[in-house]
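The values are calculated or read from the model by the stated rules, or taken from the named source; none is laboratory data. Values in this document were obtained by computation on a predicted structure and should not be read as measured data. Note: ideal-geometry Cβ built from the backbone for every residue, glycine included; neighbour counts use all protein chains shown.
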Amino acid sequence: MLKQYRFALSMTIMFSLIVMSCGGSKNAGSSTDKNGPSYNSKLWKKVDTPPGADPSVSDIQGGAGFEKIAVSQGFTTYEFNEFDIKHSGDPRATVGGSIRFTISRFPLSFRPFFYGQGANFSENLQMSSLSYETLCNLGLDDQPVPSLATHWKISEDNLTFTFRIDPNARFSSGERVTSEDIVATFKLLMDETILSPSMQQIFSKYETPVALSKYIVQVKSKEFDCRAFKTFANSLLVLSSKEIGGLSGKEFLDKYQFNQPVGSGEYIVLPDDIVKQQSYTITRRDDYWGKDITVNKYSGNFDQITFEVIKDNPTLEYEKFKKGEVDKFWFTGNTTDKWLGDTTYDAIVNNWVKRDRVFTDGPVGTSGLFLNMRKPPFDDINVRLAFYHLFDRESIISKLLFNEYERIHSFYANTKYENKSNPKIGYDPAKASELLTKAGYTSKNKDGILVKNGRPFRLELGIPKPLEKFLTPYQQTLRQAGIDLQIKFQDGNAITKNIAERNFNITWANYGGLDDPYPKTSIASELADKNDNNNITGFKDAYVDQLLKRYDIECDPKSKVSIIKTIDSLEAAMIHCLLAWTPRGIRIAYWDKFGVPEWVLAKNSSLGMHDLAIMTGWWYDADKAQALADAKKSKKKLNGNSAIREVSYWKNLKR
């Protein structure tokens with residue numbers, strides 16, 4: 001599943017390319033277990049629906065034979081080329097087997113990504129990209145490609161969009177996917193009690209969709225927006241009207257927390273595979289309606305994908321990987337020393353474990369310290385800038401990250417939208433002192449803490465314990481400047497709750513990026529004073545709001561890039577986030593029992609979401625797994641090189 005499937009929110013996802021011609025079944029390997037859960041449709045299927053279109057629906061209404069008249073009716077589609085097909089998966093791939101990951105927190109909910117409070121996290125994004133589908137997706141060149149819709153029509157004024165639903169599409173329940181499902185899903189998302197202001201901001205620009213027939217659905221945009229078609233087609237994760245039709249947002253939230261609503265994707269999370277606060281497993285459905293479509297043939301290969309929760313303990317995650325209890329490990333800042341120095345254990349010496357540094361075209365995203373500008377002290381830009389000048393990133397990168405990382409200065413790093421003219425704010429305690437004085441902090445108490453209006457400069461920062469070694473130096477630097485930053489250890493869910501409710505002064509956060517930016521959901525003024533959205537700092541700027549409106553209606557690609565670069569510079573000037581650092585490449589290790597495509601990770605894989613490319617593009621290789629087991633038993637080496645492999649497939653690719 002290697003199609004670019006991107007929400008108009010803060011993440012990038014990779015999913016499957018879909019074409020409208022069949023290409024034979026997936027390859028069965030020696031690890032294929034026809035008695036396993038992937039083949040037991042009784043676990044999820046409720047009804048048997050005959051294949052193909054409903055015979056009562058005519059061709060002009062989207063039924064059988066529509067393809068022959070589509071062009072005459074003004075519809076279009078996308079025909080995949082050799083490049084698309086080559087990068088949809090590896091022909092060596094076989095279905096079967098499993099892969100096991102670790103994750104640092106248990107999901108707050110199992111609802112689709114951004115479908116309600118507590119569903120806007122990477123774990124929801126991963127599950128959603130495997131379990132749900134949209135009308136269209138974005139191909140490798142950012143063009144719309146078929147998914148649940150085979151064809152589409154865009155009016156001349158770019159305000160009305162008509163889609164033809166694939167008559168073969170089925171939910172896991174066995175029910176047909178129809179136009180009514182799009183209507184019901186939209187209505188649910190627009191119910192304010194679902195507590196998802198970012199999604200409502202996105203979809204409020206559309207009128208309620210209309211089911212013109214069982215397979216033809218139409219939606220109108222209330223205002224001109226060059227991305228209106230892509231946004232609607234590629235962001236609405238379609239749910240079953242038979243299941244969610246008529247539910248209010250609150251009823252939906254109450255009904256679905258630790259269980260999934262029905263989806264049409266290839267994978268499903270079964271209720272018995274959820275062990276609260278410990279683990280969950282995603283199971284491939286061999287009855288997935290699109291499994292035999294040409295570019296799906298070599299993707300979605302693992303029968304089961306399991307996540308074991310190891311809360312805020314990267315060292316334990318690493319040790320479990322070394323023992324072979326999990327299959328893959330991602331080296332972050334906390335384990336950079338292991339990446340560079342832990343190279344003499346048996347699995348490395350004997351080539352049982354492979355290590356890759358992969359360079360992709362994925363956006364870096366945003367990570368760092370976010371400042372709540374809604375209240376003192378960070379409502380004063382002098383204080384914000386002083387805190388930046390006291391953030392000694394260079395020293396942290398050199399001493400704690402062993403120069404494996406580099407500073408970031410843009411909210412769009414590693415993309416064409418990055419404004420490379422943004423100021424490179426460095427460590428300067430003297431400048432920080434001047435700024436704090438300017439902000440009114442002119443004296444210190446007997447403990448050496450700055451005082452303003454009789455109140456000492458004291459703040460609390462809640463962080464997961466693994467961040468301690470990176471932020472303790474910052475705490476010490478602030479203390480030398482007369483600021484008492486009290487670090488409090490909290491788990492990820494507690495931190496997330498505080499951010500969502502704006503119950504913080506300063507917090508650490510990480511956000512994925514988008515190849516096609518949608519900054520409105522993060523910095524629009526209308527979201528600044530609302531909870532449960534990505535404008536966590538209270539960013540407000542009238543000129544930025546104007547630029548956001550211009551960006552929506554601008555269709556020229558170069559002009560769109562220019563607008564985002566301007567927004568990037570204005571965001572940087574606001575100093576609402578103390579941008580941190582990013583590694584050189586995505587650094588992973590894995591036990592040598594998997595088939596891996598030559599590109600290793602998909603084109604737009606990003607740091608926090610690269611696992612998705614593994615889940616969809618890799619496969620369990622039974623022969624390799626047996627060779628590994630034999631080698632471990634006999635303490636022998638496997639063939640190959642134990643050195644770190646540098647993979648720059650996408651950087652070197654020429655079209």
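Taking the conditions exactly as written (over 22 Å from the mean Cα position of the chain (by Cα) and assigned to a loop (DSSP other than H, G, I, E, B)), does Asp337 satisfy them or not? Criteria not met by Asp337. The condition (being buried (at least 18 other Cβ atoms within 10 Å of the Cβ), touching a helix residue (DSSP H, G or I) at 6+ places or on another chain (Cβ under 8 Å) and in the same structural domain as Ser56 (by TED's automatic domain parsing)) is satisfied by just one residue among Leu189, Leu148: Leu189. Candidates Pro473, Pro557, Pro517: the one that is closer than 16 Å to Thr366 by Cβ and in the same structural domain as Leu450 (by TED's automatic domain parsing) is Pro517.
Given the criteria loosely packed, with under 12 Cβ neighbours inside 10 Å and under 34 Å from the mean Cα position of the chain (by Cα), does Lys42 qualify?
Working: loosely packed, with under 12 Cβ neighbours inside 10 Å: yes; under 34 Å from the mean Cα position of the chain (by Cα): yes.
Yes.
The single condition from (1) surrounded by fewer than 23 Cβ atoms within 10 Å (Cβ to Cβ); (2) over 30 Å from Ile523 (Cα atoms); (3) in contact with a Phe, Trp or Tyr (Cβ under 7 Å, 6 or more places away or on another chain); (4) basic (Lys, Arg) that Lys214 fails is (3).
This table checks each residue for (1) touching a Leu at 6+ places or on another chain (Cβ under 9 Å); (2) modelled with pLDDT under 95; (3) among the hydroxyl-bearing types (Ser, Thr, Tyr).
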| position | (1), (2), (3) |
| --- | --- |
| Ala589 | no, no, no |
| Phe594 | no, no, no |
| Trp618 | no, no, no |
| Leu628 | yes, no, no |
| Glu646 | no, no, no |
| Arg655 | no, yes, no |
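One residue is enough: does the stretch 297-312 have a residue meeting the conditions surrounded by fewer than 18 Cβ atoms within 10 Å (Cβ to Cβ), under 23 Å from the mean Cα position of the chain (by Cα), of a type in the set (Phe, Trp, Tyr) and in a loop (DSSP other than H, G, I, E, B)? Checked against the condition, which is being surrounded by fewer than 18 Cβ atoms within 10 Å (Cβ to Cβ), under 23 Å from the mean Cα position of the chain (by Cα), of a type in the set (Phe, Trp, Tyr) and in a loop (DSSP other than H, G, I, E, B), the stretch 297-312 yields no hits at all. Mind listing just one residue for me: the one in the stretch 228-270 that is farther than 26 Å from Thr521 by Cα and among the basic types (Lys, Arg) and, of those, surrounded by the fewest Cβ atoms within 10 Å (Cβ to Cβ)? Step by step, filter the stretch 228-270, then rank; the result is Lys255.
Table: residues versus (1) β-branched (Val, Ile, Thr); (2) in contact with a strand residue (DSSP E or B) (Cβ under 9 Å, 6 or more places away or on another chain); (3) assigned to a loop (DSSP other than H, G, I, E, B).
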position	(1), (2), (3)
Gly63	no, no, yes
Lys68	no, no, no
Phe80	no, yes, yes
Ile85	yes, no, no
Asp90	no, yes, yes
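Right, Gly89: over 23 Å from Glu180 (Cα atoms) and either within 22 Å of the chain's Cα centre (by Cα) or crowded, with 20+ Cβ neighbours inside 10 Å (or both) or not? Step through it out loud before you land on a result.
Values: over 23 Å from Glu180 (Cα atoms): yes; either within 22 Å of the chain's Cα centre (by Cα) or crowded, with 20+ Cβ neighbours inside 10 Å (or both): yes.
Criteria met by Gly89.
Residue-level analysis places Pro363 among those that are buried (at least 22 other Cβ atoms within 10 Å of the Cβ) and either farther than 30 Å from Ala631 by Cα or touching a Ser or Thr at 6+ places or on another chain (Cβ under 9 Å) (or both). Screening the stretch 449-526 for strands (runs of 3 or more DSSP E) wholly inside it with 1 or more residues that are in contact (Cβ under 8 Å) with a residue 12 or more places away in the chain and over 30 Å from Lys416 (Cα atoms) returns the ranges 450-452, 458-463, 484-489. Restricted to helices (runs of 4 or more DSSP H) entirely inside the stretch 573-655, those with at least 2 residues that are surrounded by 17 or more Cβ atoms within 10 Å (Cβ to Cβ) and in contact (Cβ under 8 Å) with a residue 24 or more places away in the chain are 611-617, 622-634. Going residue by residue through the stretch 408-420, is there one that turns out to be in the same structural domain as Asn372 (by TED's automatic domain parsing), of a type outside the set (S, T, N, Q), in contact with an Asp or Glu (Cβ under 7 Å, 6 or more places away or on another chain) and within 29 Å of Asp491 (Cβ to Cβ)? Within the stretch 408-420, one or more residues are in the same structural domain as Asn372 (by TED's automatic domain parsing), of a type outside the set (S, T, N, Q), in contact with an Asp or Glu (Cβ under 7 Å, 6 or more places away or on another chain) and within 29 Å of Asp491 (Cβ to Cβ). Of the candidates Lys565, Lys540, Lys558, Lys549, the single residue that is assigned to a helix (DSSP H, G or I), basic (Lys, Arg) and closer than 23 Å to Ser196 by Cα is Lys549.
Check whether at least one residue in the stretch 529-543 is closer than 24 Å to Gly116 by Cα and of a type in the set (Gly, Ala, Ser), and report yes or no. Yes, the stretch 529-543 has at least one match.
Against the criterion of being in contact (Cβ under 8 Å) with a residue 60 or more places away in the chain and farther than 26 Å from Asp303 by Cβ, Gly265 does not qualify. Taking the stretch 371-384 as the range and being surrounded by fewer than 18 Cβ atoms within 10 Å (Cβ to Cβ), assigned to a loop (DSSP other than H, G, I, E, B) and of a type outside the set (Asp, Glu) as the test, the residues that pass are Arg374, Lys375, Pro376.
For the stretch 152-169, filtering for residues that are touching a Gly at 6+ places or on another chain (Cβ under 9 Å), within 25 Å of Lys291 (Cα to Cα), surrounded by fewer than 24 Cβ atoms within 10 Å (Cβ to Cβ) and not polar (S, T, N, Q) leaves 2.
A quick yes/no check of all residues on (1) over 23 Å from Ile567 (Cβ atoms); (2) buried (at least 20 other Cβ atoms within 10 Å of the Cβ):
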site	(1), (2)
Ala386	yes, yes
Ser421	no, no
Tyr427	yes, no
Leu435	yes, yes
Ala439	yes, yes
Gly454	yes, no
Arg458	yes, no
